[in-house]
Each structure stands twice: as structure tokens, then as C-alpha cells.
Amino acid sequence: MSDSEANAKSWRLDWPVSGGARVASAQLKTVPEDFRVSEVLEEFPEQAEPSGVLSVTGEGEHLCLRIEKVGDNTEFVAGELATLAGCRSFDVGFCGLKDRHAVTSQWFSLYRPGMMSDDMALIEQISERWLVKSAHRSVRKLRRGDHQGNWFVITLRQVNADRERVEGALERLKVQGAPNYFGPQRFGFSGGNLDRAVHIDPAALNRGGGKGKRRGRGRGAGKSGGGRDDRKNVLYFSAARSWLFNEVLADRVAEGSWTMPIPGEPSEYPTGPLWGDGGTSAGGEAEQRERETVAQTPELASLFLATRMQPERRPLVAMAKDLSWSWLEDGSLELNFVLDPGQYATTVLGDIFELEDMSLSQHNK
């Protein structure tokens, strides 16, 4: 065992649920079709032509495509699209990362100025690998968070609980929402990303970023080794920030104050801190409590003392909008709902169900 493994901290990666305990167990992602997600992007019209013939609508330098994929993650598809389109990887945009072990429908933008006449030929090439459901020209590149939300259709199998009890929990979820935790996958196996965050140089995150408040994305590596190492440092730093948010939210869930703002919060709805330079943007009671919680993990709190990352806020509540459900003939449970960008279906459902992700099992690898 290495020294770093021997000194690894035991990180909490399972936080309190709103009802005190989960009401049922269930299997998730037995097959990719059990987890369907489609981006809600009101900017572009859906195409439902009876002939099944796709056409490109709109004008602009960016060709935007809604692509349905199975078994490929978002960044892999973006890289392949850049190759097919003959553009730089930086010139491919998308709104958010989507799961590999799922059927996902999402928008990508390709920077193709003056090449409208070749759009259909490119779409034919792409269609040999993925289903292209819509095509639209736009004046701008798609960026993270540009979509209005994600629509999920999820089938849970082997639901082990009384139906009446499950439906009661779902009714509660429909009214009050679920704690808006970041999922444990963000923190790596056994919190490995947090162990690594403790050992990074916070000042390295400021290098190469110019006068901006954050390190720049995309092109331009810093002087800290550049490229891959820099991206890993940002990943570990983000994990630390997310974990501190979860800890603050966990305290609010434990005391039952997570669905309402407390004095000092800078908004009319309950929020928690995404820690930054200066800590938190809250004041009064909220600031005091958040600082007390973060101070319990000084090794992570110290990361933010030498960065220019501005404090931000994140809602404490994830609302499953338009939530509906139905029981299938085999006893499985199908759920339909919409979440805002940056909110996670597995986190929302994990407030009720003890989920076994079947895509992680040896059988599905």
C-alpha cells in the first residue's frame, strides 16, 4: 500500500434523505432503454415530418444537430463529430454531458461558416453512426447550460416495496422536491478525487487564465504543466467544491430547513454555497452556519484561499417537474419528469429508492 493510499481520508459519500430513510430498493439501467433522457431546448423547433425526410432550418454559421445515441458519452461523440466535420474540437458545442449507459437525445453545434450547401452530405455521414433527429442553423455556438432542462423517462425494475408506500413517497417528491446533492460519481471511487484535491496547488488553477475570475476553458494551457494535468486539477477542485456544498445541504436536510431560505441567504428560495474566494456570498445566519460546516474540513477549505474563483449559489431543492408514473405489467415502475440543467435524475430518485446501477455490474460491461 502506498503512502497516499494509507493516508487517504474516509469521505462521506451518502448523505441524509428527506424522508429519514429510503422506502424501497430498485434496479436502474438494466438495459440502456430503461434510462432515456432528452434535452429541452426551446430555441430550435422539433422536426416531425411525415415523410421522414430531414431538412435544415434557420440561418447562421453553426449547424446544430439533435442526435440520439446509445453507448457513447457526450465528449466522445463531440470529438467524432469534429473529425467528420473537419473542424477543431473547440468548434463543437453542446449543452451538457449525458450518460453513456442510456438512450440520450441531445443537441450539438458545429462551426461551419459558408458551408450550408454541404450540410445534408455531412448529416448523411453522421447518420451512418447515430440517428440525427433534427437539424437547424444558428448564429451562435451551443454552450453548457443553454438548454432549459432534461426530460427523463426512467424504468426501475425489481422494485422491492409496497406500491402504496412508494406512491406516497412519489407524491411527496412531486410537492417538495428532493435534496439537490451532487452525485457520488463526481467524487471518484471512495472519494479519490477529493484525496487528490487535497494535494493540488490552488495557485496552479490561476495560471494561464488571464484576468478572468476563473481558469479559461478550451484552448490555452497554463504554465503548471498544461493540458491534461490542468484539466485533472480543475476536476479535483470542482469535486471539492461540490462535496462542501453537499455537506452544507446535508446539515439543512438533517434539521429539516432545506426547503426554505434562512436569514442571510441572497435569494428568495433556499440555496447553498459553491465555495470560492472569500468563501460564501451569504450573510447573517446562513453565512455563519455555512462557514462552520466548511471549517470542519480545513484541508478542502484551504484550497479556495489562493484562487480567484468567485463564490456562487446552487438551489438546495431539485424539483421533478411534471412528475408522473405508471406500473408496468412485470411490476416495473416507469417515471416521467423534467429537471433543470445541473440536476441529476439518480440523485432525485435516490431520495426515495436504494438504487442498484446495473450498468456498473460485470454482466453489463
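Structure notes:
- Count of region 232-248 residues, restricted to those that are under 17 Å from the mean Cα position of the chain (by Cα) and closer than 18 Å to residue 292 by Cβ, is 6.
- The combined condition, being surrounded by fewer than 17 Cβ atoms within 10 Å (Cβ to Cβ) and either under 23 Å from residue 21 (Cα atoms) or at pLDDT below 95 (or both), is not fulfilled by residue 264.
- Scan of region 83-119 for residues that are touching a Leu at 6+ places or on another chain (Cβ under 7 Å) and among the polar types (S, T, N, Q), ordered by number: 109
- Between 128, 124, 164, the distinction of being over 23 Å from the mean Cα position of the chain (by Cα), modelled with pLDDT of 95 or more and either closer than 22 Å to residue 337 by Cβ or aliphatic (A, V, I, L, M) (or both) belongs to 164 only.
- Residue check for residue 131: touching a helix residue (DSSP H, G or I) at 6+ places or on another chain (Cβ under 9 Å), closer than 21 Å to residue 35 by Cβ, of a type in the set (A, V, I, L, M, F, W, C) and surrounded by fewer than 17 Cβ atoms within 10 Å (Cβ to Cβ): no
- Count of residues meeting criterion [part of a strand (DSSP E or B) and surrounded by 19 or more Cβ atoms within 10 Å (Cβ to Cβ)] in region 55-104: 12
- Yes/no for residue 147 being of a type outside the set (D, E, K, R) and farther than 20 Å from residue 36 by Cα: no
- Within region 285-310, the only residue that satisfies the criterion of being part of a loop (DSSP other than H, G, I, E, B), at pLDDT 95 or above and surrounded by 14 or more Cβ atoms within 10 Å (Cβ to Cβ) is 297.
- Of the residues making up region 137-158, just one is more than 20 Å from residue 339 (Cα to Cα), open to solvent by less than 30 Å² (accessible area, probe 1.4 Å) and under 25 Å from the mean Cα position of the chain (by Cα), namely 138.
- Note on region 159-171: residues that are basic (Lys, Arg) and open to solvent by less than 40 Å² (accessible area, probe 1.4 Å) amount to 0.
- Some residue of region 313-326 being of a type in the set (S, T, N, Q) and either under 17 Å from residue 347 (Cβ atoms) or part of a helix (DSSP H, G or I) (or both): no
The values are calculated or read from the model by the stated rules, or taken from the named source; none is laboratory data. Bear in mind the structure is a predicted one, so any value in this text is a computation, not a measurement. No Cβ is skipped: glycine too gets one built from the backbone with ideal geometry, and neighbour counts run over all protein chains shown. For the accessible areas, the whole protein counts, side chains as well, though only heavy atoms, and no ligand, DNA or RNA atoms are used. Shrake-Rupley method; radii C 1.70, N 1.55, O 1.52, S 1.80 Å.
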